[in-house]
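Encoded as structure tokens, the structure appears first; notes follow it.
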Amino acid sequence: MKRKIPIIFIVLLTLTSCDCQYHLSGVVLDKLTKKPIQDVAIGKTDSTDLENPFNRKTMTGENGDYEIYGIAGRCNEITMFFTKDGYESKKITFQNNSTDTILLQPKTKQQTSIFDFNKDFEIIDLQKSNDYPSSDTDTTVCIKWTLNKSEVKKIIKESKPISGPEWHHLFGHYPCRIHGKILQNSNEFEYSINSGAWFTVSSSDTTLIFGSFNEENNKYFLDSAWTEEEMEGNE
């Protein structure tokens, strides 16, 4: 007489045979700064309820690194969610045993952001152009003029805000400029440094004008700010 195999045993055997182990590893970086992000929650759901035992999360380390082992019904593709306060959540489907670099986008702040030159910032882009509209169209003076990122940061930190009339009367306006992007507190700004010793920093709806009055920094420009004596001598 043949023994009947319980149906529940067959079902469990079938489910067990379909499961397989997976392994994922990599690093999570800030999309703008390319710096590692610590304590990013990685799991099979986008919920941030880390106390829920059914919502187990793996957290990235100090260097943004992660390593995940688990069991899934399908081994060829594994889907994970990456979540952290201040960043847009990201859903990614991986191949098993893959090593990946994940870039998280900082959330855009709704309030207007104004650049504060008294606070720390980072130069994330630098380019040179000779396209500033100037009465001086001779761009040969611009050939040897350039700035590196450390010089740009020094100029910005050691300058001061100026008014429209000061910008117009105290500074030269040359065709050559160094321009790019600044990152401050996850806010991105555009800057443009004219070789006449002044520059602008702009957000989506605000532009600030700054002038360099530090004599030590005159070496970084083709011209320097006029003094009151020079202004009086040209009247």
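The values are calculated or read from the model by the stated rules, or taken from the named source; none is laboratory data. The model shown is predicted, which means the values in this text are computed figures rather than measured ones. We place every Cβ from the backbone using ideal geometry, glycine too, and count neighbours over all the protein chains shown.
Here residue 143 fulfils each of the conditions (1) among the aliphatic types (A, V, I, L, M); (2) at pLDDT 95 or above; (3) farther than 21 Å from residue 33 by Cβ apart from (2).
Taking the criterion of being of a type in the set (S, T, N, Q) and free of Cβ contacts under 8 Å to residues at least 40 places away in the same chain, would at least one residue in region 120-130 satisfy it? Within region 120-130, none of the residues are of a type in the set (S, T, N, Q) and free of Cβ contacts under 8 Å to residues at least 40 places away in the same chain. Among the residues making up region 115-145, those that are among the charged types (D, E, K, R) and in a strand (DSSP E or B) are 122, 125, 128. Selection of region 149-199 for residues being among the polar types (S, T, N, Q), part of a strand (DSSP E or B) and under 20 Å from residue 216 (Cα atoms) yields only 194. The residue of region 167-181 that is nearest to residue 137 (Cα to Cα), among those that are surrounded by fewer than 19 Cβ atoms within 10 Å (Cβ to Cβ) and at pLDDT 95 or above, is 180. Those residues that are assigned to a loop (DSSP other than H, G, I, E, B), modelled with pLDDT under 95 and crowded, with 17+ Cβ neighbours inside 10 Å, I need them from region 200-212; list them, please. If the condition is that a residue be assigned to a loop (DSSP other than H, G, I, E, B), modelled with pLDDT under 95 and crowded, with 17+ Cβ neighbours inside 10 Å, then no residue fits.
Can you work out which of the residues in region 120-146 that are over 21 Å from the mean Cα position of the chain (by Cα) and among the hydrophobic types (A, V, I, L, M, F, W, C) is surrounded by the most Cβ atoms within 10 Å (Cβ to Cβ)? Spell out the reasoning first.
Quick first cut of region 120-146, residues over 21 Å from the mean Cα position of the chain (by Cα) only: 129-146.
Among the residues that remain, those that are also among the hydrophobic types (A, V, I, L, M, F, W, C) are: 141-143, 145.
Values: 141: 15, 142: 19, 143: 9, 145: 16.
The residue in question is 142.
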